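Asks: Here's a structure for you.
The values are calculated or read from the model by the stated rules, or taken from the named source; none is laboratory data. Fair warning: this is a prediction, and the values are worked out from it, not measured in the lab. Cβ coordinates were reconstructed from backbone atoms using ideal geometry, including for glycine residues, and neighbour counts include every protein chain displayed. The accessibility values were calculated without ligands, DNA or RNA, using every heavy atom of the protein model including side chains. Shrake-Rupley method; radii C 1.70, N 1.55, O 1.52, S 1.80 Å.
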Amino acid sequence: MSEPLIEVLDALEKPLKFASRKDFSNIGKVKALDQLVYDLTLKALSLQPSDVHKEEFLALRDMFSHYESLDTESRKELIENSLATVAKLRKDCGSSAIKQVDKSLSASERGDVKQRAVSPQAEKTTLKGREIEQIPVKYVRGVGPRIAEVLRKKGVASVYEALFYFPRRYEDRRKIRNISQLHPGERETISGQIVVSDKVRTSRRSLYQVVISDGTGTIKLVWFQFSERYLRATYKKGLSVILSGEVTLGYRDELQIIHPKPEDIEVIEEGEGLDEQNVHFNRIVPVYPLAEGIGQRRMRKIMKSVVDDYSQSLPNFIPEKIKSKRKVMEFAKAVVRVHFPDDQDQVVEFTDRGSVYESLPHKTVSYCELFLMQLGIALKKRDVTQMKGIVFSPSGVLTKKLLSRFSFDLTSAQLRVISEIERDMRSEIPMNRMLQGDVGSGKTVVALISILKAVESGYQAVLMAPTEILAEQHLVSIFNYLKGMRLHIVFLKSSLSKSEKGAYYKALSNGQAQIAVGTHALIQEKVDFKNLGLVVIDEQHRFGVMQRAELIGKGNRPDVLVMTATPIPRTLALTVHGDLDVSVLDELPPGRREIRTKVYYDQKRARERAHSLVEREIKKGRQAYVVYPMIEESENSDFKGLKDATQMAERFQNEIFPNFRVGLLHGRMKPEEKDIVMRKFISNDLDILVSTTVIEVGVDVPNATVMVVENAERFGLTQLHQLRGRVGRGKHDSYCVLLSGFQRSEDAERRLSVMERTRDGFEIAEADLAIRGPGDFLGTKQSGLPEFKFANIMRDTKILGEAREDAFHVVKKDPRLSNYPELLKEVSRKWKNLLEFASIS
């Protein structure tokens, strides 16, 4: 009989023995015994026992199917019979497997089989050849169907996923303090017995208290807000507990812990064996993110089973040279010690980058995740760099004409980025570059110069933007700058007539048109280019991977330049866009006006000041935006008290600013309706534009000098920064007023403070990343990255740098990973089909 089957028998025997103790006095304490037996026999059957043993397990399962309907005497009899069956099965241990093969083997072979049959590692070793991703978590000891469903909702459906369900913190229980030795003001861990558990009425209020004694002293647990029914049922007198918490002094200098968290108190189950206690005591104990219906102790035992039974199946994919260079350990052993640290390990603080880096197992797991991610990026970049692209040879004639028309000098950042792009264009490797630049940093000028370099070299160029208004603004800029250069420019948008589209399609396909500007209409099937050489995509995050691929596919490996006005911190750029070369415009052109930003609480006086500012600026001939988080009033309690754009636009026009022209813009309007409103605002036919966040990206109205954002606490930092960027685009001083409710979260307070303090987009992006974390900052689903289970790119920047260096070195030396089959298998599993889009920015 295999070791896993023996473990099933151990798990079966334990609750049965406990129930039968002291003449079955514990029988009422064992809950859901029928479900437990069902789960364990199901697991035993999944391990493919012999036919004889299979019948025994089936009989056990069937016997307990009616357990709940039996009277007490019948239950006692069933438990006794079941214990006898378990004992019989245990007696067969180690012999049946040998007998079945003994007759057909030589003497030496029999000895080998005996050794394998009794070896505790025999069955576990065979798992190395199985995909643990295919083993459902319900077959883990102590799980079963009900718990498996709870875990599935937490993203843990397989044994493989369970191995990466890591603790969120640790408790150091190597030294459990005597209560008499506790120090107020410190977080301590103690163990003792509940001697009092009751509601107490004082002269001022009622409270619930639990008194714990360990023989050296007592300590009170105190709740001022409580469910008496829950506390009385959970913390009964006589139960033993272990708990951690901050110790304080009470009214009469007695030791107490106020409002201890349920996750910090563990009830020690009666009859718990020493082997189980070793999971929870006298060690660094993991504390897991809890799922509904699974207590911390249950979760810890489940994870111990997962680690003990399956961790050795994890691949060892890091090359030996790298392990030695970076001082990381075997991946499987590291995973074990992240779950259950050894005695010699330090207690790691997951939010402390130094603590994680200095811990060998934690550093290893983070490094392995980041290495696989960077390896995937390196492979994507490899595929691009191995392609033969266009070698441009710009004459410089058109570029020189353009530069002579500028009434301003290019910034040093613009000159640097233009040089980087030209170097790429002159190379035979296809350009795959991202241009990052804050609002107003001059990205359009850089893009136009790049377009002219393609045209000078005899190729066509295309610029795609996400909205018609933004595309049209690009078109106007290009027309104005290139006037008189005898270049044919076409503008493709969905609202063109059939004849207009036909004429433009023909001009592009025969090469008559050198430059195309447009929206998604550029990727229509009928659009064909004669000689497409450069693709420029503005606000690239607004397009899907396949949309970008379709446009790039209209040329023969054209150079690609993607632009974004959303600053991305360097650590995140390395992670998300590591396959792209990144150029950064980190300098604003001279003459950009200051935007004075002020945060006001939502009250009458503050709003009057904001309205006075709007009125003053409009009387100077300027324009203003007023932005709201909602289109219409909502009955949802989560949005109670929020103002809406529709209602306030009416109030502005009819009550607050009856002498000014007010327009309304929101996402539910038809595209043509939005266009009409936006064009009116751009041409100064509207004084005030009341809007939702649809205006946050791209629109350029130099005459707008005031941005008022209502309920600013409801907006993200990046949104607020983009909204503020709509003003300050002309030659006049500009203002941004952020009106916030009094009830705002700590994160909202931090966001608004950052907005008041700085206008630097990259500083704002770093702050936003720190507040939200990388998953929310990117939108993990659409980022196209494998999900991290332990690594944190904000915390593990040093590890990320090392992993990136090593991954790119490996791919440079061995582009197909021919010498690393395990590594190739693991990176393919991690990235799945994402590597198929290697050439798409």
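Asks: Which members of the range 672-710 meet the condition of being open to solvent by 30 Å² or more (accessible area, probe 1.4 Å) and either among the aliphatic types (A, V, I, L, M) or touching an Asp or Glu at 6+ places or on another chain (Cβ under 7 Å) (or both)?
Replies: Listed by number, the residues that qualify are I676, I682, V694.
Asks: Quick one: in the range 589-613, of everything that is in contact with a helix residue (DSSP H, G or I) (Cβ under 9 Å, 6 or more places away or on another chain) and among the aliphatic types (A, V, I, L, M), which residue is most open to solvent (accessible area, probe 1.4 Å)?
Replies: Taking the candidates together, the pick is V599.
Asks: Could you list all residues from the range 394-424 that are under 24 Å from Q460 (Cα atoms), among the polar types (S, T, N, Q) and touching a strand residue (DSSP E or B) at 6+ places or on another chain (Cβ under 8 Å)?
Replies: Q414
Asks: Then there's this: How many residues are among the hydroxyl-bearing types (S, T, Y) and open to solvent by less than 50 Å² (accessible area, probe 1.4 Å) if we restrict to the range 474-496? Explain how you work it out, then say what you get.
Replies: Going residue by residue through the range 474-496, those that are among the hydroxyl-bearing types (S, T, Y) are 477, 481, 494-495.
Next, from what is left, pick out any that are open to solvent by less than 50 Å² (accessible area, probe 1.4 Å): 477.
Residues meeting the conditions: 1.
Asks: Open to solvent by less than 20 Å² (accessible area, probe 1.4 Å) and touching a Phe, Trp or Tyr at 6+ places or on another chain (Cβ under 8 Å): is that true of A471 in this structure?
Replies: On the way: open to solvent by less than 20 Å² (accessible area, probe 1.4 Å): yes; touching a Phe, Trp or Tyr at 6+ places or on another chain (Cβ under 8 Å): yes.
Criteria met by A471.
Asks: Hey, another quick one. Can you work out which of the residues in the range 530-569 that are part of a loop (DSSP other than H, G, I, E, B) and under 19 Å from A471 (Cα atoms) is modelled with the lowest pLDDT? I'd like the intermediate steps shown before the answer.
Replies: Our first condition is that a residue be part of a loop (DSSP other than H, G, I, E, B); within the range 530-569, this holds for 530-531, 539, 543-544, 553-558, 565-569.
Of the ones still in play, those that are also under 19 Å from A471 (Cα atoms) are 539, 543-544, 565-566.
Numbers: E539: 78, F543: 69, G544: 61, A565: 77, T566: 71.
Only one residue fits best here, namely G544.
Asks: Exactly one condition in (1) in contact with a strand residue (DSSP E or B) (Cβ under 6 Å, 6 or more places away or on another chain); (2) buried (at least 21 other Cβ atoms within 10 Å of the Cβ) is false for K453; which is it?
Replies: Single failed check for K453: (1).
Asks: Next question. Please go through the range 263-281 and give me each residue that is at pLDDT below 80, farther than 18 Å from R169 by Cβ and either in contact with a strand residue (DSSP E or B) (Cβ under 9 Å, 6 or more places away or on another chain) or not aliphatic (A, V, I, L, M) (or both), ordered by number.
Replies: I268, E269, E270, G271, E272, G273, D275, E276, Q277, N278
Asks: Just the residues that are of a type outside the set (S, T, N, Q) and out of contact with any Asp or Glu (no Cβ under 9 Å at 6 or more places or on another chain), please, taken from the range 390-414.
Replies: K400, K401, L402, L403, R405, F406, F408, D409, L410
Asks: If you don't mind, another one. Take P260 and decide whether it is at pLDDT below 90 and either part of a strand (DSSP E or B) or not basic (K, R) (or both).
Replies: When the stated conditions are applied, P260 passes them.
Asks: Related question: Might you let me know whether the range 433-441 holds any residue that is under 15 Å from V536 (Cα atoms) and at pLDDT 95 or above?
Replies: No, the range 433-441 contains no residue that is under 15 Å from V536 (Cα atoms) and at pLDDT 95 or above.
Asks: Output the residues belonging to the range 157-195 that are surrounded by 15 or more Cβ atoms within 10 Å (Cβ to Cβ), in contact (Cβ under 8 Å) with a residue 24 or more places away in the chain and of a type in the set (A, V, I, L, M, F, W, C).
Replies: Hits for the range 157-195 are V159, A162, L163, F164, F166, I176, I179, L182, I190, I194.
Asks: Then there is this: Restricting attention to the range 308-354, which residues are modelled with pLDDT of 95 or more, in a helix (DSSP H, G or I) and either in contact with a strand residue (DSSP E or B) (Cβ under 6 Å, 6 or more places away or on another chain) or closer than 21 Å to D172 by Cβ (or both)?
Replies: A334, V335, V336, R337, V338, H339
Asks: Restricting to the range 201-221, name every residue that is among the charged types (D, E, K, R) and either within 16 Å of I265 (Cα to Cα) or buried (at least 16 other Cβ atoms within 10 Å of the Cβ) (or both). Lay out the reasoning, then the answer.
Replies: Of the range 201-221, the ones among the charged types (D, E, K, R) are 201, 204-205, 214, 220.
Those that are among the charged types (D, E, K, R) and either within 16 Å of I265 (Cα to Cα) or buried (at least 16 other Cβ atoms within 10 Å of the Cβ) (or both): D214, K220.
Asks: Let me spell it out: the conditions are (1) within 21 Å of G389 (Cβ to Cβ); (2) in contact with a Ser or Thr (Cβ under 8 Å, 6 or more places away or on another chain); (3) buried (at least 18 other Cβ atoms within 10 Å of the Cβ), and H520 meets all of them except one. Which number is the exception?
Replies: (1)
Asks: Let me ask something else about it. Can you pull out the residues in the range 591-619 that are farther than 23 Å from A765 by Cα and touching a Ser or Thr at 6+ places or on another chain (Cβ under 8 Å)?
Replies: Selection gives Y601, D602, E617.
Asks: Sticking with this structure for a sec: Considering only residues of the range 577-588 that are open to solvent by 50 Å² or more (accessible area, probe 1.4 Å) and out of contact with any Lys or Arg (no Cβ under 6 Å at 6 or more places or on another chain), which is modelled with the lowest pLDDT?
Replies: Applying the filter and picking the extreme gives L588.
Asks: Which residue out of K91, K128, K153 is modelled with pLDDT under 85 and out of contact with any helix residue (DSSP H, G or I) (no Cβ under 8 Å at 6 or more places or on another chain)?
Replies: Sole residue among the options that is modelled with pLDDT under 85 and out of contact with any helix residue (DSSP H, G or I) (no Cβ under 8 Å at 6 or more places or on another chain): K91.
Asks: Look at R283 and say whether it is closer than 30 Å to K138 by Cβ, without any contact (Cβ under 8 Å) to a residue 40 or more places away in the chain and buried (at least 16 other Cβ atoms within 10 Å of the Cβ).
Replies: On the way: closer than 30 Å to K138 by Cβ: yes; without any contact (Cβ under 8 Å) to a residue 40 or more places away in the chain: no; buried (at least 16 other Cβ atoms within 10 Å of the Cβ): yes.
In short, no.
Asks: Looking at V391, is it among the hydrophobic types (A, V, I, L, M, F, W, C) and either open to solvent by less than 20 Å² (accessible area, probe 1.4 Å) or outside any loop (DSSP other than H, G, I, E, B) (or both)?
Replies: No; evaluated as a whole, the condition is false for this residue.
Asks: Taking the residues in the range 666-695 that are touching a residue at least 40 places away in the same chain (Cβ under 8 Å) and part of a loop (DSSP other than H, G, I, E, B) as candidates, determine which candidate is farthest from F652 (Cα to Cα).
Replies: Here the residue is N684.
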